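The values are calculated or read from the model by the stated rules, or taken from the named source; none is laboratory data. These numbers come from a predicted model, not from an experiment. Heads up, the Cβs are rebuilt from the backbone with ideal geometry, glycines too, and the neighbour counts pull from every protein chain shown.
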């Protein structure tokens with residue numbers, strides 16, 4: 001593993017342990033050249049998946065982008081990092097087990113929306129505002145009203 005500080009090719013694993021959700025292995029490493037310590041994560045990748053963007057551009061599926069989007073939507077919401085990791089791992093697993101080598105970014109966006117809807121309503125609205133490209137305050141109002149109405153209907157069923 002290349003050192004992120006000096007770019008030396010060799011590092012020594014000092015400690016390995018599973019992450020909280022057991023979806024990855026966390027490794028503490030030390031560079032053999034400069035002595036710096038850093039952490040890496042090893043995850044299972046079931047298949048290579050290509051994401052088809054709305055403009056037709058194709059990019060490899062990137063878990064880091066998904067992590068970043070979810071983290072941004074949940075910023076300052078007091079949601080445990082473990083729950084965010086579980087959400088992202090679940091979406092990644094669904095993407096990789098669909099059996100398709102290509103998936104639309106819209107489908108991934110809907111998976112994120114479904115996960116955030118169950119996790120936190122404010123994070124859900126934040127993500128939706130970017131994903132659905134809200135242009136004016138009325139768009140927020142309409143979306144929030146629809147969520148409140150759905151919540152009321154679900155409460156009536158309980």
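I'd like the full set of residues that are under 25 Å from residue 128 (Cβ atoms) and out of contact with any helix residue (DSSP H, G or I) (no Cβ under 8 Å at 6 or more places or on another chain), limited to the range 31-49. Outline the logic, then answer.
The initial filter retains those residues of the range 31-49 that are under 25 Å from residue 128 (Cβ atoms), namely 49.
None - no residue of the range 31-49 is under 25 Å from residue 128 (Cβ atoms) and out of contact with any helix residue (DSSP H, G or I) (no Cβ under 8 Å at 6 or more places or on another chain), so the list stays empty.
Could you say whether any residue in the range 107-114 is at pLDDT 90 or above and more than 13 Å from the chain's Cα centre (by Cα)?
Applying the first criterion (at pLDDT 90 or above) to the range 107-114 yields 107-114.
Next cut, more than 13 Å from the chain's Cα centre (by Cα) only: 107.
Yes, some residue in the range 107-114 is at pLDDT 90 or above and more than 13 Å from the chain's Cα centre (by Cα).
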Practice item. Keeping to the range 43-58, report how many residues are over 16 Å from the mean Cα position of the chain (by Cα), surrounded by 11 or more Cβ atoms within 10 Å (Cβ to Cβ) and over 15 Å from residue 100 (Cβ atoms). Key: 1
Practice item. Return the total of residues in the range 124-151 being under 21 Å from residue 71 (Cβ atoms) and not in a helix (DSSP H, G or I). Key: 3
Exercise for review: Only one of these is surrounded by 12 or more Cβ atoms within 10 Å (Cβ to Cβ) and at pLDDT 95 or above: 23, 36. Name it.
Suggested key: 36
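Quick check, is residue 123 at pLDDT below 90, within 17 Å of the chain's Cα centre (by Cα), surrounded by 15 or more Cβ atoms within 10 Å (Cβ to Cβ) and farther than 24 Å from residue 43 by Cα? First the steps, then the outcome.
Values: at pLDDT below 90: no; within 17 Å of the chain's Cα centre (by Cα): yes; surrounded by 15 or more Cβ atoms within 10 Å (Cβ to Cβ): yes; farther than 24 Å from residue 43 by Cα: yes.
For residue 123, the condition - at pLDDT below 90, within 17 Å of the chain's Cα centre (by Cα), surrounded by 15 or more Cβ atoms within 10 Å (Cβ to Cβ) and farther than 24 Å from residue 43 by Cα - is not met.
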